[in-house]
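Novice: Structure in structure tokens, see below.
The values are calculated or read from the model by the stated rules, or taken from the named source; none is laboratory data. This is a predicted model, so every value here is computed, not measured. Note that we place each Cβ from the backbone using ideal geometry, even for glycine, and neighbour counts take in every protein chain shown. Accessible surface is based on the protein model in full, side chains and every heavy atom, while ligands, DNA and RNA are left aside. Shrake-Rupley method; radii C 1.70, N 1.55, O 1.52, S 1.80 Å.
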Amino acid sequence: MHKFDVPDPAAYAERIDGDAESEGWILTPDEPGVKAADADRDVEYVWTCPHPKLGDGVKTCVFHTQSAQQRSDVDVAQRFADRLDAASEHETPEQRRRHLQFIDATFTDFDLRGAVIGGDLREYIDFRHATIRNLDWRRAEVTQRVKFAQTTFELDEPYPSGDEYDFDDHPSVGFKQTDFRYDVDLRGATFDAPVRFHDAHFERWLGFKYSECTEPVDFQMAQFDGLMTIVGRTFDAKIRANATTFENYVEADGATFHAPVIFDTARFHDDVSAEDAAFLDGARFVEATFDRSLRLTDATLEGKFRLSNLDVGRTLDARVADFDGELLITDGRVHHCRVAPTGGTGLVSLQDTTVEEGAFDQPTEGTVTYDFAFGTLGAVTLSTPDDTDPNGRCRFLRTTFDGFDFNDADDLELSDTAFEIYELSPDAREHLHGDDSDHDPSDLWATYLYAKNTATRVGDNAAAAEFFKREMRHRAAAHADRAKNADQFTDWFPARSRYVRNRLLGVLAGYGEEPFTVVLWSFVVILLFVVPFSVLLGVPTDLTTFGLYLAISFQSFVTFLLGSAPGGPSVPTQLVGAFEGLLGAFLIALFVFTLTRRIRR
């Protein structure tokens, strides 16, 4: 009769964080088949096998006699099915649990393809501490709960590196299209071979807690109706779950991913938690949908973490502990987004993404570049630690503001950057991987147009004025660019004339935002017109004559009539005075317009 030394609970401590005895998946003294060990053994408890001996002098069952499984007259799959049937004949739950135990068994070429595995019993089929080599349960229907805790899965043929997902050409642990009707417990399991759950269906709970995978894992097109937990699990190779549907809560707290994680087009109908998880080689969730929330609290993000074309119905919480790479939340929609790295350096890109509300913080150690280009920001705040300069860390380019308040963006000091909201500091620009700093003038024009409209809507008049001036300057640059690239005169002339009119308004009145500039230009005009009056009336030889000419210029500026000229006005003198009067009327009207516009702001 086969005996198995029950491990001390402390032996499990390497894989878990807490009391092993409370985990529910380790062998304990109160389990069926566990009894006190003989005094001459080094352990306190042993488990004994309940299955009949193989016979012919073999004192163990077929499941604990690996050499017997190589015999042609032994059908392991049929023997296994017979033991499941025999377990159902027992009356008490404890007896059924006892006869469903395959603890510490060794299965070689465990082929149950297309079979119905289990019955209508509530008890687990128990493979704890077993070793299963060359498992093939493809297209099987598992109608009973299965416990693979502490089980080791192996293959005879090693898996070639570089062909991570070519499962059709290479063997793998085969759960393809397997239908699990009840719970599947893989806590503490070890996969020393690639495992494929492609198109599998899990109708109840799937537990991967504290398990380890040294080879790729494939969940592509799988369906998870129940809770999925991969807490504390270690993935040494890639994991793929493209087009996979998760109907229930997904818990990946404390999991470690040493290779890329790919969940393209996955659909999460409930919350996803990856708190304190470590993504050490990036992750990809392209066109994934999160109906509720994705939590990355205290997670470690290294490499490129791509969340493209995603839709998050509630909250994306990325208050990560350590950040060293890229968090790309692009081309999507997030209801509430919170990004707050504790430390690290990298890029957080929200290009083409709509964020309805949230907060984006700088880390206490290091700096993070936030790129909001072409996106939409709602009620969002930006903040930095007291000893960190926030300026040059956020880029707004053709960003639409729908509820964002520059005046209430916490630590964003626009005045310190001369309101250049698209410019990044040199070290921050390095994170954009060669992004051209010479942006298209039309993009900058639109950027400040959107910013101006937002500042006006929330009553931030100072910012609105500054944004409008920059909008007009970049609009002029856009007109100049069109004129430069025009192939015909009919295209060149309108663009060039718009440029001239734009720049003239900017020079004379600061685009209607600087009434004092109009006053200065008025005095300049008055002084300049002293020159033609001096030519026509004689060069002044003393201050009295100069003062007379200055008075004539003043009088002509404020009226359409020439001031009192000595000896009577000549026709040329009258023409000069009329022209100055025309300029004066224009500048006075421009001053009234500019002052009124300024007051109304």
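Novice: Of all residues in the range 324-361, which are in a loop (DSSP other than H, G, I, E, B), of a type in the set (A, V, I, L, M) and surrounded by 20 or more Cβ atoms within 10 Å (Cβ to Cβ)?
Specialist: Across the range 324-361, the qualifying residues are Ile329, Leu350.
Novice: A follow-up question, please. Of the residues Asp281, Asp271, Asp291, only one is open to solvent by 20 Å² or more (accessible area, probe 1.4 Å), closer than 18 Å to Val339 by Cα and among the acidic types (Asp, Glu); which?
Specialist: Asp271
Novice: Moving on. Go through the range 34-65 and count every residue that is open to solvent by less than 30 Å² (accessible area, probe 1.4 Å) and closer than 21 Å to Ala10 by Cα.
Specialist: Here the count works out to 4.
Novice: Six or more apart or on different chains, Cβ atoms under 7 Å: show the pairs whose first residue is in the range 474-490 and without any contact (Cβ under 8 Å) to a residue 12 or more places away in the chain and whose second is in a helix (DSSP H, G or I).
Specialist: Ala486/Trp492; Ala486/Ala495
Novice: Kindly indicate whether Phe263 is closer than 15 Å to Phe224 by Cα and open to solvent by less than 20 Å² (accessible area, probe 1.4 Å).
Specialist: Judged against the criteria, Phe263 is not a match.
Novice: Within the range 209-227, how many residues are open to solvent by 10 Å² or more (accessible area, probe 1.4 Å), closer than 18 Å to Ala255 by Cα and at pLDDT 90 or above?
Specialist: 1
Novice: Considering only residues that are outside any loop (DSSP other than H, G, I, E, B) and modelled with pLDDT of 65 or more, which ones fall in the range 388-409?
Specialist: Of everything in the range 388-409, those that are outside any loop (DSSP other than H, G, I, E, B) and modelled with pLDDT of 65 or more turn out to be Cys394, Arg395, Thr400, Phe401, Phe406, Asn407.
Novice: I need the full set of residues from the range 173-208 which are of a type outside the set (A, V, I, L, M), farther than 24 Å from Pro9 by Cα and open to solvent by less than 10 Å² (accessible area, probe 1.4 Å), in order please.
Specialist: Gly174, Phe175, Thr178, Phe180, Pro194, Phe197, Phe202
Novice: Hey, among Leu84, Leu155, which residue is crowded, with 16+ Cβ neighbours inside 10 Å, under 18 Å from Phe175 (Cα atoms), modelled with pLDDT under 95 and not β-branched (Val, Ile, Thr)?
Specialist: Leu155
Novice: Out of Arg333, Arg338, report the one residue that is charged (D, E, K, R) and farther than 20 Å from Asp298 by Cβ.
Specialist: One residue alone meets the criteria, Arg333.
Novice: Here's a follow-up. Report yes if some residue within the range 453-463 is part of a helix (DSSP H, G or I), open to solvent by 20 Å² or more (accessible area, probe 1.4 Å) and among the small types (Gly, Ala, Ser); otherwise report no.
Specialist: Yes, because at least one residue in the range 453-463 is part of a helix (DSSP H, G or I), open to solvent by 20 Å² or more (accessible area, probe 1.4 Å) and among the small types (Gly, Ala, Ser).
Novice: I would also like to ask the following. Which helices (runs of 4 or more DSSP H) sit wholly inside the range 486-546 and have at least 3 residues that are under 45 Å from the mean Cα position of the chain (by Cα), surrounded by fewer than 18 Cβ atoms within 10 Å (Cβ to Cβ) and of a type outside the set (D, E, K, R)?
Specialist: Counting at least 3 such residues, we get 489-509.
Novice: For the structure I just gave you, tell me whether Val74 is under 51 Å from the mean Cα position of the chain (by Cα), among the β-branched types (Val, Ile, Thr), in a loop (DSSP other than H, G, I, E, B) and surrounded by fewer than 18 Cβ atoms within 10 Å (Cβ to Cβ).
Specialist: When the stated conditions are applied, Val74 does not pass them.
Novice: Could you check how many residues of the range 362-384 are buried (at least 21 other Cβ atoms within 10 Å of the Cβ), in contact with a Ser or Thr (Cβ under 6 Å, 6 or more places away or on another chain) and either in a strand (DSSP E or B) or of a type in the set (A, V, I, L, M) (or both)?
Specialist: Adding up the residues that qualify gives 1.
Novice: Still on this structure, please answer the following. So Arg319 fits all but one of (1) of a type outside the set (Gly, Ala, Ser); (2) within 23 Å of Gly403 (Cβ to Cβ); (3) at pLDDT 90 or above; (4) open to solvent by 10 Å² or more (accessible area, probe 1.4 Å); what number is the exception?
Specialist: (3)
Novice: Now for a separate question. Only one of (1) at pLDDT 90 or above; (2) open to solvent by less than 30 Å² (accessible area, probe 1.4 Å); (3) under 20 Å from His198 (Cα atoms) fails for Ala130. Which number is that?
Specialist: Failed condition: (3).
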